[in-house]
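Please read the structure below before turning to the comments.
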Amino acid sequence: MASAATAIKGTHARIVRVDACGNPVTGTGSLVVVTKGFVQVQMEPQYEDGEEFFERTADGTPCVNQKDDPVLKRMQLTIDFCEINTTGVAYLASARELTVNGAG
């Protein structure tokens, strides 16, 4: 499952568990965490350049000149927090939240 973080008018951040199609997961396995303790969220796409095909005929005339579109490989997400919501951080880090009584 993937996750999506959305800033709501810069006052709160909501983290929602989504399925492979980007739809929020409901029922068992759902997760929604809301925090006001973030400073900023920056998303930076990372693309792989499209492959370029260039061929010439025997006399040197260009025959094929095509370049594929770039492909989004991943999205780098950088979040600065002022106060920590341990449930949200554990989910974003794909980790288990540790609690005082060990029930995490």
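Summary of computed values
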quantity	calculated
Exposed-site-free run, longest, the chain (rule: GluC sites (Glu not before Pro); DSSP loop; at most 14 other C-beta within 10 Å)	1-50
Trypsin sites (Lys or Arg not before Pro), loop per DSSP, at most 10 other Cβ atoms within 10 Å - longest free stretch of the chain	10-95
Most mobile of A90, A13, A58 in a GNM of the chain (Cα contacts under 10 Å)	A58
Value at 222 nm in deg cm²/dmol, rounded to 500, when DSSP H runs of n ≥ 4 in the chain each add -39,500 (n - 2.57)	-1500 deg cm²/dmol
Relative contact order (%) - criterion: Cα under 8 Å, at least six apart; region: the chain	21
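Every number here is computed from the coordinates shown, using simple stated rules; none is lab data. All values reported here derive from a predicted model rather than from experimental measurement. Cβ sites come from the backbone with ideal geometry, for glycine too, and all protein chains shown count toward neighbours.
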